[in-house]
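Shown next, in structure tokens, is the structure this report addresses.
Each reported figure results from applying straightforward, stated rules to the coordinates on display, with no laboratory input. The structure displayed is predicted, hence computed values, not measured ones. Glycine also receives a Cβ, built like all others from the backbone with ideal geometry; neighbour counts cover every protein chain displayed.
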Amino acid sequence: MEALGQAESLDELLRLVRRHGSPAEVLRWLGRRIGADVAWIGRQGAVETATAGFPRQVADELRDQVARLTHGRLAAATTQAGALEVHLEAFGAGEPRPVLVTVSASPLPREAVLLASQAGGLVELLGRASEGDAGSRGYEAKAAQLRFAVLTALLAGDVTMARRMTTGDVPPLLNAERVRVHLLHCPPADRDRLARTYQDSSGYHGPGLMVNCPVFKEQLICPVAEDPELGGRFQQGEVLRRLVRENPGYALGVSGPHPLAATAEAYGEAVHALAVARNSPDRLAAYRGRPSLVHVLPRRAALAWARAYLEPLHSAPKPTVDVIRLAVTFTRSGVARLLHLSRTTVTAHCRRAEEALGIDLGEVRTRATLDLALSLSPLQADPTETVQPVAPPLGELLRTAPATAWAEPFLRPLHDTRHRDLYRTVEAWIDANTDAQRTAAQVGLSRNTVRAHLRAAERLLNRDLLTTGSGIHDLVHALRVTTAHRAHPTDESGHRARWSPKHAAS
């Protein structure tokens, strides 16, 4: 060992740990400093790391002695292996203990043994820190999985199931009467960091949750309790608003307040609000859109139409219906990520639904019609009604006064003289089955201009048109109500012949 003071050697070792923090680096440094080969034998009795020249057979020969140190019967020992001098020392309080082994041609001086002991203590601390980090990462992963499960139950409208998932440690959000969904757009790499930063000791985020969107890697879904008395660092989404102000690449869409069981509706509003926010100077928008067509159609007739339309799906397996509810809004790869299925499985479910209904889900108008029927089907009929109404054709429903009163104001921003080019573009875009390249050829614009028009339309309509299908479907219905799109037969004719004569009446 070089004639350096013990304190100087220890300072050098600490600097090395701060720079690299690796047990292998510490052992290499120690080997050079004391002129020996060094190995670290882990708690399971195997060599975990060693200097390049360490004779592995020594560890095998000394297995019994290593076991005595590992299990606490010895603290340290010196022995010989052939012509080699071997020193062993165990570290840590809990058994089994790791062991540092030094092998040299001659006995080590006392200063070298002391330095080896100090280095071994640091390696043991590094190991414990690594185990702690691994445990922390495991906890964070489990907490993230639980948050995702809770959000999934809320999106399904099952608050009771969400509470059961929390195994007694109910997050404040589930005690709230109303919720707003905040949808944060940020770089994908920031999502986990933000969730860690604002996570509380229970694995939640005060009166809210932060959940990575499984479909869109740049989105963080944050339902936040509307109840101000819940307080916390996350109150009313103030943290999210500040993040948007401080980070130019962020944007935030905020829903209106909804009952906890209507979290899915709040999420839909947040999606539309985010589309507006991303096209706004301050990158922040609260939902200001009109209600969906689902909420304005004559309830009795609309339910009769939806149930008749979906009747062929009654014999389909429930997983097929679950997949198809998502597939009308998200891409198939997105549905696969959301449900943890293969894309092939999702495609098979979609094909089964297409065959049952006699439709082509590749057509945007068909998806809009199916989405409308699926959105209507959970609504409850008037309990006083005893006679089932005759199911009207969709075209008849869309000619009702409530539908017209909904569609005309919906499209009015695009009829403004300043935005007539936008109306022409979005109409052509739907005609082109939402293909921007075909739309560009049809209206004589570049593809980039078409997308710019669509982004402008998102802001005016308060609807997301470029991320999910929900805003597109509202646009399809509004255009069909107000234009000659009622003439397209694809929404109904493909499978209406399978219904009874009363359903086929128009």
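Rg/Rh for the chain: what does it come to with C-alpha atoms and Rh from Kirkwood?
1.19
Within the stretch 92-109, list the residues whose amide N lies under 16 Å from a label point set 7 Å along Cα→Cβ of Thr79.
Correct set: 99-104.
Find the relative contact order for the chain and round it to a whole percent, using C-alpha pairs within less than 8 Å whose residues are 6+ positions apart.
10 percent
Would you please classify the overall shape of the stretch 268-418 from the alpha carbon gyration tensor, given that a ≥ b ≥ c denote the square roots of the eigenvalues, rounded means a/c under 1.5, and beyond that prolate means a/b larger than b/c while oblate covers the rest?
oblate
With the contact rule set at Cα under 8 Å and sequence spacing of 6 or more, what percent relative contact order holds for the stretch 171-270?
39 percent
Angle between the Cα long axis of helix 343-357 and the longest principal axis of the chain, 0 to 90 degrees, nearest 10?
The angle comes out near 20 degrees.
Would you compute, from DSSP H runs of 4+ residues alone, the mean residue ellipticity of the chain at 222 nm, taking -39500 (n - 2.57) per run and dividing by the full residue count, rounded to the nearest 500?
That comes out to -16000 deg cm²/dmol.
Run the quick spin-label model on Arg68 and Asp11: label points 7 Å from Cα toward the beta carbon, then report their separation in nm to one decimal.
About 4.0 nm separates the two model spin labels.
Read phi for every residue in the stretch 42-56 and hand back ³J(HN,Hα) as whole Hz from Karplus 6.51 cos²θ - 1.76 cosθ + 1.60, θ = phi - 60°, with x for Gly and Pro.
Values, residue by residue: x, 5, 8, x, 10, 5, 8, 7, 7, 6, 4, x, 5, x, 4 Hz.
Work the Kirkwood hydrodynamic radius out for the stretch 138-234: mean of 1/r over every pair of different alpha-carbon atoms, inverted, in Å.
The answer is 13.4 Å.
Within 10 Å, count the other beta carbons around each residue, average over each peptide in 147-154, 173-180, 470-477, and list them highest first.
470-477, 147-154, 173-180
Report the label-to-label distance for His340 and Arg110 in nanometres (one decimal), using points 7 Å from each Cα along the Cα→Cβ vector.
Reported label-point gap for His340 and Arg110 is 6.1 nm.
For helix 299-310, report the angle its Cα long axis makes with the longest principal axis of the Cα atoms of the chain; keep it between 0 and 90° and round to the nearest 10°.
Around 70 degrees separate the two axes.
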